[in-house]
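Asker: My structure is below; once you've seen it, I'll send some questions.
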Amino acid sequence: MFKRHFFIIAAACLVGLMVLAAVLKITLADDSKGGAGGPGRGGPGGGPGGGRGQVVAEAVVIPREFADQIRVLGVARSRKSVNITSNTTQLITRVMFTDGQRVAAGTPLVELQAREEDADLIQARAQLTQAQREYDRFKILAERGVAPRVTAETAETALQSARAAVAAAEARRGDRVIRAPFTGVLGLTTVTPGTLISPGSVITTLDDTSAIRVDFPMPERYLGVLQVGTPLVASADAYAGESFSGRIALLDTRINEQTRAVIARAEFANPGGRIRPGMMMRVAVQQGRRQSLAVPEAAVQYEGQGAFVYRIARGENGTTAQRVEIQAGAVEGGYVEVLSGLDSNDRVVASGLNRIQPGAPVRVGAATDKGGQKAGTPTAEAARK
């Protein structure tokens, strides 16, 4: 019985202490609110609610330049590209290139076994020498009247046939040396002297990467806008944040009846060979530029199909954040185009959006927006200019 009464008394004391602590906390909070802001319970600057709001960065709504763009995907192709193959089944006797080598047109790459061709060439040259001697002899005899002229003409015909036979033998021998058809960069190879290759077997690849072509589909409704020479930019996942400038080099003569699109070919300069054939490219075609109101990307939040910002409103009761629905347009250079919902020189919260409640008091402090500049003073100065 004694233990039971003891526990009851202890529990009552604990509850009393908790109540007392809560009362003291509320009292101390009221005292701090009454003396924090000076006259009128305001902030350090005398304004109402000055010390109680959340510190945020502000950005000024000002016009910026945006571009109308058509964005599509394409695959990079080299200006010229070929697989180096053989037209016959034969052994490789010499490999005269290295992987990744830049070669000029006509550079010998691979030599095939050519014992029969070498023998035929020796025989043809020997016959040419004999035909040349006979022609020279019969020509002199015909000029002296010793031999009939028809004999000299027959010797001349035999000489021309021998020359043709030598040319044919040299051509067959030349076919045993595979050469680069144009200037470019060689790819990887696995062939070595002694490798037996057959027709169609790829020895290596050759690409002219001095310029890159990108073919991409464009809806037919843009045919009135697109022209040969229209500038465009492209980007690749391999080079984040970097763009490559090019132009439309050619438009296909036909429109696909199923997709209602026309194939456009863009051409990009490729110094250093950074863009490689087969690379996925994101192409943006410029249609024109315009001036529109804009806010930093960090100031915009999206909800469902809509978007909103917190506009900073200054009133008699202090500075508050008001949630404002906007119609967002293009996103470019870290800024969002505002089609409606805000006016020029409006001030919006540029950071800390997740902790703001609509109508809550705020204090403007020094912070940076997405562009890396201070969101308060610099943007305000830009707006005044």
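The values are calculated or read from the model by the stated rules, or taken from the named source; none is laboratory data. What you see is a predicted model, and the numbers here were worked out from it, not measured in a lab. Ideal geometry is used to build each Cβ from the backbone, glycine not excepted, and the neighbour counts take in all protein chains shown. The area values use the complete protein model at the heavy-atom level, side chains included, leaving out ligands, DNA and RNA. Shrake-Rupley method; radii C 1.70, N 1.55, O 1.52, S 1.80 Å.
Asker: In the stretch 225-237, which residue that is open to solvent by 70 Å² or more (accessible area, probe 1.4 Å) and outside any strand (DSSP E or B) is nearest to Met280 (Cα to Cα)?
Answerer: The selected residue is Asp237.
Asker: While we're on this one: Can you pull out the residues in the stretch 256-304 that are in contact with a Pro (Cβ under 8 Å, 6 or more places away or on another chain) and not small (Gly, Ala, Ser)?
Answerer: Asn256, Thr259, Arg260, Val262, Ile263, Gln286, Gln291, Leu293
Asker: Another question about this same structure. Scan the stretch 173-194 residue by residue and report those that are open to solvent by less than 40 Å² (accessible area, probe 1.4 Å), within 36 Å of the chain's Cα centre (by Cα) and within 20 Å of Ala114 (Cβ to Cβ).
Answerer: Ile178, Ala180, Val191 - these are the residues of the stretch 173-194 that are open to solvent by less than 40 Å² (accessible area, probe 1.4 Å), within 36 Å of the chain's Cα centre (by Cα) and within 20 Å of Ala114 (Cβ to Cβ).
Asker: Sticking with this one: What number of residues in the stretch 68-103 are among the aliphatic types (A, V, I, L, M), open to solvent by 30 Å² or more (accessible area, probe 1.4 Å) and closer than 17 Å to Val177 by Cβ?
Answerer: Qualifying residue count, the stretch 68-103: 4.
Asker: If you take the residues in the stretch 269-286 that are in contact (Cβ under 8 Å) with a residue 60 or more places away in the chain and within 16 Å of Arg247 (Cβ to Cβ), which one is nearest to the chain's Cα centre (by Cα)? If you could, list the steps in order and put the result at the bottom.
Answerer: Looking only at the stretch 269-286, we keep the residues that are in contact (Cβ under 8 Å) with a residue 60 or more places away in the chain, and these are 270, 273, 275-286.
Now restrict to residues that are within 16 Å of Arg247 (Cβ to Cβ): 270, 275, 281, 283-286.
Working: Asn270: 12, Ile275: 9, Met281: 5, Val283: 8, Ala284: 10, Val285: 13, Gln286: 16 Å.
Across the stretch 269-286, the extreme among qualifying residues is Met281.
Asker: Scan the stretch 154-163 residue by residue and report those that are modelled with pLDDT of 90 or more and open to solvent by 60 Å² or more (accessible area, probe 1.4 Å).
Answerer: Correct list: Thr157, Gln160, Ser161, Arg163.
Asker: Of all residues being part of a strand (DSSP E or B) and without any contact (Cβ under 8 Å) to a residue 60 or more places away in the chain in the stretch 254-266, which is most open to solvent (accessible area, probe 1.4 Å)? Just the residue, please.
Answerer: The qualifying residue most open to solvent (accessible area, probe 1.4 Å) is Arg254.
Asker: Can you name every residue in the stretch 318-336 that is open to solvent by 30 Å² or more (accessible area, probe 1.4 Å) and β-branched (Val, Ile, Thr)?
Answerer: If the condition is that a residue be open to solvent by 30 Å² or more (accessible area, probe 1.4 Å) and β-branched (Val, Ile, Thr), then Thr319, Thr320, Val331 are the ones that fit.
Asker: Look through Leu251, Leu293 and report the one residue that is surrounded by 12 or more Cβ atoms within 10 Å (Cβ to Cβ), of a type outside the set (Val, Ile, Thr) and over 17 Å from Ala59 (Cβ atoms).
Answerer: Just one listed residue meets the conditions, Leu251.
Asker: Here is a further query. I'd like the full set of residues that are open to solvent by 80 Å² or more (accessible area, probe 1.4 Å), in a helix (DSSP H, G or I) and without any contact (Cβ under 8 Å) to a residue 12 or more places away in the chain, limited to the stretch 138-153.
Answerer: Step one: filter the stretch 138-153 for residues open to solvent by 80 Å² or more (accessible area, probe 1.4 Å), giving 139-140, 143-144, 146, 149-150, 153.
Applying the additional criterion that residues be in a helix (DSSP H, G or I) yields 139-140, 143-144, 149-150, 153.
Residues satisfying the conditions are Ile140, Glu143, Arg144, Arg149, Val150, Glu153.
Asker: Now, a different point. For the condition within 60 Å of the chain's Cα centre (by Cα), loosely packed, with under 15 Cβ neighbours inside 10 Å and among the hydrophobic types (A, V, I, L, M, F, W, C), what is the one hit in Ala119, Ala114, Ala124?
Answerer: Answer to the selection: Ala119.
Asker: Among (1) closer than 18 Å to Val75 by Cβ; (2) at pLDDT 90 or above, there is one condition Thr259 misses while meeting the rest; what is its number?
Answerer: It is condition (2) that Thr259 fails.
Asker: Continuing with the same structure: What single numbered condition from (1) charged (D, E, K, R); (2) under 60 Å from the mean Cα position of the chain (by Cα); (3) more than 30 Å from Gly194 (Cα to Cα) fails to hold for Glu156?
Answerer: (2)
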